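The values are calculated or read from the model by the stated rules, or taken from the named source; none is laboratory data. From a predicted model like this one, the values you see are computed outputs, not experimental measurements. Counting neighbours? That spans all protein chains shown, and the Cβs are built from the backbone with ideal geometry, glycine included.
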Amino acid sequence: MTFVRVGVVRNSVMIALVCALLSACGQGSGSSAGWESASESAGAQPDTDAVEFEAAEVSGHALVPGTSMTISMATTGDAVAFSAGCNTFFGALNNDAGVIDGPGAGASNGPMGSTMMACDDALMEQDRWLQEFRDSTPVRTLGEGTVTLRSPAGSITATRVAG
């Protein structure tokens, strides 16, 4: 007769439950359709409705050496995403006002959020600045192949690289 230790069974059940919960969390609702287009801009989907920019100039924070900052904006809808080497921050672009909705603006166009990965201290500090920048309701100015975002926290001028 073979005996299975209770701890092994309990751990197996817990792993199965966590996997089931994580897969359920990944299933979106119809209300996030605009965000899905923006988040997929970094993938290999050629028909995406997003434009990706890479920061050429950043004021208010010195980028960690070897990292870059990207901004993806939905061309249809109101989604915007930022990444600076660790986590991705996303929120709503208020197309009428030309601003990224931050908590101070009441996030009128939808929820804001981010991934939550742990990185080294320098990247985490860079993420903190980027989150503060996003939350400061930056004003967007579109140029010929560029986008500039300005707020009291600093500014980002980025050049179009995809989309």
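Part of a loop (DSSP other than H, G, I, E, B), under 17 Å from the mean Cα position of the chain (by Cα) and of a type in the set (A, V, I, L, M): does that describe Met124?
Values: part of a loop (DSSP other than H, G, I, E, B): no; under 17 Å from the mean Cα position of the chain (by Cα): yes; of a type in the set (A, V, I, L, M): yes.
Considered against the rule, which asks whether it is part of a loop (DSSP other than H, G, I, E, B), under 17 Å from the mean Cα position of the chain (by Cα) and of a type in the set (A, V, I, L, M), Met124 comes out as no.
I want to confirm something. Restricting to segment 29-62 and keeping residues that are of a type in the set (A, V, I, L, M) and loosely packed, with under 15 Cβ neighbours inside 10 Å, which single residue is modelled with the lowest pLDDT? Write out each step before concluding.
Restricting attention to segment 29-62, the residues satisfying the condition of being of a type in the set (A, V, I, L, M) are 33, 38, 42, 44, 50-51, 55-56, 58, 62.
Going one step further and asking which of them are loosely packed, with under 15 Cβ neighbours inside 10 Å, we end up with 33, 44, 56, 62.
Values: Ala33: 31, Ala44: 35, Ala56: 95, Ala62: 93.
The selected residue is Ala33.
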Of the residues in segment 130-148, those that are buried (at least 16 other Cβ atoms within 10 Å of the Cβ) and part of a strand (DSSP E or B) number 3
Condition set modelled with pLDDT under 70 and under 14 Å from Ser136 (Cβ atoms), scope segment 85-105, selection surrounded by the fewest Cβ atoms within 10 Å (Cβ to Cβ): answer is Gly104
